[in-house]
Amino acid sequence: MENLTFRHQAAKPAGGTRKTAIAGVVASGNLEVLAERVLPDAECLVEISTAAQGFGEVWDAVVADFVARYAPGGLKLSINDGGARPDTVMLRLAQAVRLIEEDDR
């Protein structure tokens, strides 16, 4: 297993009021993302656990692009990877942010 951590400054805090959200399922070439609202508004932390070693530069590029596009300020995003492609990673991250930006009911 390889564990990677990326810290970024976000342009704005993620909206909504939910404290946590999960998107995806670790299975055959996919991944799951847990989003938690636990950081200061301008920070974003992404922690990745993956069996696919040696792809740190690719993960870094995908995470940087994601933070620039979605401004997930205040969020810690934990990824359990099952070998997902970069486009699937971006999709699951976007889904997790969309879910956490909903209001608690």
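The values are calculated or read from the model by the stated rules, or taken from the named source; none is laboratory data. Keep in mind the model is a prediction, meaning the values are calculated, not measured. Note that we place each Cβ from the backbone using ideal geometry, even for glycine, and neighbour counts take in every protein chain shown. Heads up: the accessible areas ignore ligands, DNA and RNA and are worked out on the full protein's heavy atoms, side chains in. Shrake-Rupley method; radii C 1.70, N 1.55, O 1.52, S 1.80 Å.
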Check your understanding: Quick one: length gained pulling SER78 to ASN3 fully straight, 0.36 nm per residue minus the C-alpha distance?
Key -> 25.9 nm
Check your understanding: Roughly how many nanometres apart are two label points built 7 Å out from the Cα toward the Cβ at LYS12 and ASP104?
Key -> 2.3
Practice item. Enumerate the calculated ³J(HN,Hα) couplings along the stretch 59-70 in order (Karplus 6.51 cos²θ - 1.76 cosθ + 1.60, θ = phi - 60°), each rounded to whole Hz, writing x wherever the residue is Gly or Pro. Key: 4, 4, 5, 5, 5, 4, 5, 4, 4, 5, 7, 10
Revision key, fill the gap. Given a 1.4 Å probe, the accessible area of the chain per residue, as a whole number of Å², is 54
Exercise for review: Considering only DSSP beta bridges where both residues belong to the chain, give the percentage that are antiparallel (nearest 5).
Suggested key: 70
Revision key, fill the gap. Place a point 7 Å from the Cα of ALA64 in the direction of its beta carbon; the residues of the stretch 33-49 whose amide N falls under 19 Å from it are 43-48
Practice item. For the stretch 48-94, with all protein chains present and a 1.4 Å probe, just round the carbon and sulfur fraction of the accessible area to a whole percent. Key: 51
Point to revise | Answer label for volume of the Cα convex hull per residue in Å³ (calculated), chosen among [x] 96; [y] 147; [z] 79 | key: [z]
Revision key, fill the gap. Between ALA42 and ALA94, the FRET efficiency computed from the C-beta separation at R0 = 22 Å comes out, to the nearest 0.05, as 0.65
Practice item. Would you mind putting 63-71, 92-100 in packing order, based on average other-beta-carbon counts within 10 Å, highest first? Key: 92-100, 63-71
Review point. Ranked from highest to lowest mean number of other Cβ atoms within 10 Å per residue, what is the order of the peptides 9-19, 75-85, 47-57, 31-41?
Key: 75-85, 31-41, 9-19, 47-57
